[in-house]
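First up is the structure itself, then whatever we jot down about it.
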Amino acid sequence: MRIVVLAGGIGGARFLLGVRAWAENHHQVTAIVNTGDDLVIHGLRICPDLDSVMYTLGGGADPERGWGRRDESWVVKEELARYGAEPTWFGLGDRDIATHLIRTRMLAAGYPLSAVTEALCQRWKPGIRLLPMTDDRVETHVVTGGQAMHFQEWWVRHRASLPAERFVFVGADQAKPAAGVLDAIAEADLILIAPSNPVVSIGPILAISGIAEAVRGGNAPVIGFSPIIGDAPVRGMADRCLAALDVKVSAEGVGQMYGARSAGGLLDGWLVDSVDAETEVPGVTVLARPLWMTDEAETARMVADAVALAGLAS
Ligand code: FO1
């Protein structure tokens, strides 16, 4: 079976551990990963979501922080701060910087981000195919107090405390899906939407022209996982993002935001947590099962539920 997963953020990376565990060596997994969080800092191109997935699946992620490298040191960060080099609110670890140096050098030499990601994955061997959503530059900006700022400034510097009026995916209207993205969707037997932030992780992927249309118009069943359990996000600050869109912070709110494929939306099936068993999304089959990704085996069980919901045999 060929499985395509739309994913972003640390939740997306942890979900992919479960997808890989479920797939073992019998099924092919392709992750299409958000790059709207990307930024250039100190001249280096940083791809937080691609790196979170690559390090997590490659066994190199810091387990507490969820982002960046384990066994990290921060000498370069301290030295930059002594020069007063801004931004000081975004920390790059020494080991992590090696990844950004290689990526930036390869991009400057003319390689597309998809090829650079493939090259970096030769070291990390994530066991699945990692594709950026686009090879073009797209940045998520947050409009707050009538002014736009980069998503990372809002998220990291202000801890999402400034009320977001809206999110803008700068460049998305011009961007094309990265090499391999549309083929992977067209050839998929199953498409999963990870329990990632629906606004700033999944939203930018769907904003790239052609991706939502391919998912909606393809033959593969589309099963989503709710990132909300009860009235709170599984992790992160999705509640602050949903508020900006006037979407209710609930499994039902997010499910209805994605909508039924039969009604021009995305979903055939919607996995919600057992506490959200009352969830109704018109035109979508809802299945309530525990959705806490407590470990790899439990996350793999969630994936098995999605496969069954899609009516596919494992
Ligand atoms: N998150 C933080 O809270 N503080 C940081 O200084 C920070 C640095 C950082 C550097 C590289 C990287 O790949 C991720 C980093 N993150 C940091 C995480 C990142 O801001 C977000 O968690 C994701 O973009 C959301 O998916």
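The values are calculated or read from the model by the stated rules, or taken from the named source; none is laboratory data. What you see is a predicted model, and the numbers here were worked out from it, not measured in a lab. Backbone-built Cβ (ideal geometry, glycine too); neighbour counts: all protein chains shown. We work out accessible area using only protein heavy atoms, side chains counted, and drop any ligands, DNA or RNA first. Shrake-Rupley method; radii C 1.70, N 1.55, O 1.52, S 1.80 Å.
Contact map, segment 67-87: first residue closer than 20 Å to Cys47 by Cβ, second residue of a type in the set (Lys, Arg), Cβ cut-off under 7 Å, separation 6 or more or different chains; pairs are Arg69/Arg95; Glu72/Arg95.
Residue by residue, here is whether (1) touching a residue at least 60 places away in the same chain (Cβ under 8 Å); (2) touching a Gly at 6+ places or on another chain (Cβ under 7 Å); (3) basic (Lys, Arg) holds:
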site	(1), (2), (3)
Ile193	yes, yes, no
Ser209	no, no, no
Ile228	no, no, no
Ala238	no, no, no
Ala243	yes, no, no
Lys248	no, no, yes
Val254	no, no, no
Met257	no, no, no
Ser262	no, yes, no
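The condition (being open to solvent by less than 20 Å² (accessible area, probe 1.4 Å) and of a type in the set (Val, Ile, Thr)) is satisfied by just one residue among Val286, Val275, Val222, Val247: Val222.
Considering Leu113, Leu131, which residue is touching a strand residue (DSSP E or B) at 6+ places or on another chain (Cβ under 6 Å) and closer than 30 Å to Gly311 by Cβ? Even if it seems obvious, please write down each step before you answer.
Working: Leu113 fails: closer than 30 Å to Gly311 by Cβ.
Going through Leu113, Leu131 in turn, just one is touching a strand residue (DSSP E or B) at 6+ places or on another chain (Cβ under 6 Å) and closer than 30 Å to Gly311 by Cβ: Leu131.
In this structure, Gly93 qualifies as out of contact with any Leu (no Cβ under 8 Å at 6 or more places or on another chain) and open to solvent by less than 30 Å² (accessible area, probe 1.4 Å). For segment 34-46, indicate whether the set of residues that are within 30 Å of Ser314 (Cβ to Cβ) and either among the polar types (S, T, N, Q) or surrounded by fewer than 18 Cβ atoms within 10 Å (Cβ to Cβ) (or both) is non-empty. The answer is yes; a qualifying residue exists. Against the numbered list (1) surrounded by fewer than 17 Cβ atoms within 10 Å (Cβ to Cβ); (2) more than 24 Å from Thr294 (Cβ to Cβ), Ala175 comes up short only at (1). Criterion applied to Glu118, Glu24 was being closer than 30 Å to Leu190 by Cα and under 18 Å from the mean Cα position of the chain (by Cα), and the one residue passing it is Glu118.
Answer yes if at least one residue in segment 3-24 is open to solvent by 10 Å² or more (accessible area, probe 1.4 Å) and assigned to a loop (DSSP other than H, G, I, E, B), and no otherwise. The answer is yes; a qualifying residue exists. Against the definition (within 15 Å of the ligand (Cβ to nearest atom), under 30 Å from Leu80 (Cα atoms) and part of a loop (DSSP other than H, G, I, E, B)), how does Asp37 come out, yes or no? So Asp37 fits the description; yes.
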